[in-house]
Amino acid sequence: MSEPVYKVVWPLGKSTYQIVSMKPRIADLAGKTIGELSHGGFRDQEIRPIVEEVLAKQFPGIKFIDHTAFGNIHGRNETEAIAALPENLHRHGVDAVISGIGS
Amino acid sequence: MVRASAIAEKAGIPTATIVATGFLGQAKATAKALGMANLGIAEYPGIIMNQSKEELRKNVEEVLVKNIIQVLTKPVENAVKVNEPGRADIIFEGTLDEVNEYFIQKQWSDGLPIIPPTVERVQLFLGFTDRKPDDLIGILAPANREATVWSVAVNGVMAGCRPEYMPVLIAIVEAIAEPDFHLRDAGATPGWEPLIVLNGPIVKELDFNYESGVLRAGRQANTSIGRFIRLYMRNVAGLLIAPGSTDKGSIGLGLNVVLAENEDAVSELGWESFSSQRGFNRDDNVVTVQSALSTTIPIYSAGDTALDHMDTFVEVFGGTCAFWSHTAVRKGKYFPLLIISPGVAKVIARDGWTKKDIQQHLFEHTKVSVRALEKHAWQIGFSEFDLHALVEKGIISKAYSQSHDPDRLVPAFIRPEWIGIVVSGDPGRNQSKGFVQNHDQAPPISKKIVLPSDWKKLFEGVKKTNAED
């Protein structure tokens, strides 16, 4: 029995992303300002102080900007918080970001 | 978290995103679709919510902080974009079995046999819309791929739809492509499933079931269109269950067939239809898509007064929905849906009640204790759950902050008008059923179905062909 042969097309859609060129990382975190982003879940309020404590011991002069400065990035007003994020990070002189908790 | 980190990276600031072990694949896939396949992910080991304080401290000190330091300081390479096929390129040739096997291997199938999407079949579907194949409907996250009329037709073919369903399929994709639908969150752990509610003359025209077994697979229109939306979310939005990684629905739910409202029953009752409550005319054909987390048990209510039935609705529908109110109050959104069978609706309507009266009664009488809200909020991972703070931020009303008594009762629903009421199901039985919904993730979004200008002629042709077959 000869079965029909089907010529089929691709079921996905065109990918829209553009490759983002990543800026150089930071060689030494000492004296740097770390911005914290959070949605306030998954025991973030327990995890973050320990992260700060351990990093402060290893990197003298490291400074943390609390997540409340940037709003809840996955809350009811996340669209506004995300839109304002670049300006807020620069305004606080942030050198690096720790974002969490993804779970 | 990944999306926020991506914004920071675009602003030129290095990031470390803390992600628990079970979510690494999802985080990496999301980062890739944002053009940052090498985004720094700092793993937190294990299931956070199940660890003792001592375990948590040890994991942060010995694992997490090292990972954070590594991703913030280690040089990173930029990703490279791969070439993909054009929309009408032939990507495979083979028999029915071979095509199905190929699509399964590529993760483009839901596991059921598909109809091979040939150009000829796709063209048949495109004949049932005035829109151009390349018309862009939206960009669907998390994969961030284009949703076009063409890809709607391709996936409609695969799902086993008829070509004349095309206007309905387009309206469905228009709904889920709306930014407020939050399709990007469809891979969240609660595992919600899209529910399509259909209204208008097209219910009968395309032969949708709206009576007994309305939520069962078994009628082509309801079933194949229900399959279509999940297939489209898989292929275009990129939501893949294991061995994929973008759909983290922990357990999930089987796909929903289309829920069509019984328009005749609604007219006989003198009620508004589901879509007319949402601002459409009764003769408009309308799809509404929203999230559905789970159904209630079958709600058998008996009696010859409206209140007889409402008491049971509050107890079973309200009680079930109340177990998910902790997520609703956190976002200030909640859109559960109650399906009332025509026989029950008739008793309620006979007492002069409208759908609005039902919504108001459910809202006023369904309560949940703050103790229960806080318990379930903590267990899901909302470790900063604070009703008084939510009231201060204006997310929920002052009804939630009347005192600090943990045993006080507060409303389980956010607004009465946000409780959906659909008349459907077996007209010969006193049963209703409800759906719990997932707060701001996929609130109901309605779209009018736009028929092609020569719909009548096209559809007559279909009916004639079917009759000849």
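Each value in this text was obtained by applying a stated rule to the coordinates, not by laboratory testing. Bear in mind the structure is a predicted one, so any value in this text is a computation, not a measurement. Counting neighbours? That spans all protein chains shown, and the Cβs are built from the backbone with ideal geometry, glycine included.
Using 7 Å Cα-to-Cβ label points, what is the B:SER250/B:LYS81 separation (nm, one decimal)?
3.7 nm
Grab the beta carbon distance between B:LYS66 and B:LEU124, set R0 = 56 Å, and tell me the FRET efficiency rounded to 0.05.
It comes out at approximately 0.45.
Mind ranking B:208-217, B:168-177, A:21-30 by how tightly packed they are, going by the mean number of other C-beta atoms within 10 angstrom, highest first?
Per-residue mean Cβ counts within 10 Å order the peptides as B:168-177, B:208-217, A:21-30.
Would you kindly state how much longer the chain becomes between B:VAL462 and B:ALA217 on full extension, computed as 0.36 nm times their sequence separation minus their alpha carbon distance, in nm to one decimal?
85.9 nm
Evaluate peptide B:95-102: per residue, the Cβ atoms of other protein chains within 10 Å of its Cβ; return the mean as an integer.
For this peptide, the per-residue mean of nearby foreign Cβ atoms is 2.
I need the Debye-formula profile for the stretch B:110-154: one equal scatterer per C-alpha, no solvent, reported as log10 I(q)/I(0) at q = 0.33 1/Å, two decimals.
Once normalised to I(0) and log-transformed, intensities are -1.08.
What pairs in A:LYS7/B:LYS464; B:LYS204/B:LYS447; B:LYS248/B:LYS375; A:LYS7/B:LYS106 have C-alpha atoms more than 26 Å from each other?
The answer is A:LYS7/B:LYS464.
When Cβ neighbours within 10 Å are restricted to other protein chains, what is their mean count per residue of peptide B:64-76?
Per residue, the number of nearby Cβ atoms from other chains is 5 on average.
Compute the acute angle (0 to 90°) between the alpha-carbon long axis of helix A:78-91 and the principal axis of greatest extent of the alpha-carbon atoms of chain A; round to the nearest 10°.
The angle comes out at about 50 degrees.
If we count other beta carbons within 10 Å of each Cβ, what is the order of A:HIS92, B:HIS309, fewest first?
By the 10 Å Cβ count, ascending: A:HIS92, B:HIS309.
So what are the ³J(HN,Hα) numbers for the stretch B:56-65, from phi and the Karplus equation (6.51, -1.76, 1.60; θ = phi - 60°), rounded to whole Hz, Gly and Pro as x?
4, 4, 4, 5, 5, 5, 9, 10, 4, 4
How many Cβ atoms of partner chains, on average, are near each residue of A:22-30 if near means within 10 Å of its Cβ?
Mean number of neighbouring Cβ atoms from other chains: 6.
Going by a ≥ b ≥ c, the root eigenvalues of the Cα gyration tensor, does the stretch B:163-221 fall in the rounded group (a/c under 1.5), the prolate group (a/b larger than b/c) or the oblate group?
oblate
Helix-derived [θ] at 222 nm for the protein assembly as shown: sum -39500 (n - 2.57) over DSSP H runs of at least 4, divide by residue count, nearest 500?
Value at 222 nm, helices only, nearest 500: -10000 deg cm²/dmol.
Mind giving me the FRET efficiency for B:ARG408 and A:ALA27? R0 is 56 Å, r the Cβ-Cβ distance, nearest 0.05 is fine.
0.55
Going by average Cβ density within 10 Å per residue, which order do the peptides B:316-323, B:48-55, B:445-452 take, highest to lowest?
Ranked from most to least packed, the peptides come out as B:316-323, B:445-452, B:48-55.
Can you check what the net charge comes to around B:GLY343, using other residues whose Cβ is under 12 Å from the Cβ of B:GLY343 (Lys, Arg +1; Asp, Glu -1)?
-1
Give the shape of the stretch B:381-469 as rounded, prolate or oblate, defined through the alpha-carbon gyration tensor: a ≥ b ≥ c are the square roots of its eigenvalues, a/c under 1.5 means rounded, and otherwise the shape is prolate if a/b is larger than b/c and oblate if not.
Prolate shape, in that a/c is at least 1.5 and a/b is the bigger ratio.
Expressed as a whole percent, how much of the Cα-Cα distance distribution for the stretch A:33-100 exceeds 19 Å?
In whole percent, the long-distance tail amounts to 31.
Report the residues of the stretch A:79-101 in range of a label on A:GLN18: point 7 Å along Cα→C-beta, backbone N strictly under 20 Å from it.
A:83-87
What number comes out for the charge environment of B:GLY218, summing +1 per Lys or Arg and -1 per Asp or Glu over other residues with Cβ under 14 Å away?
0
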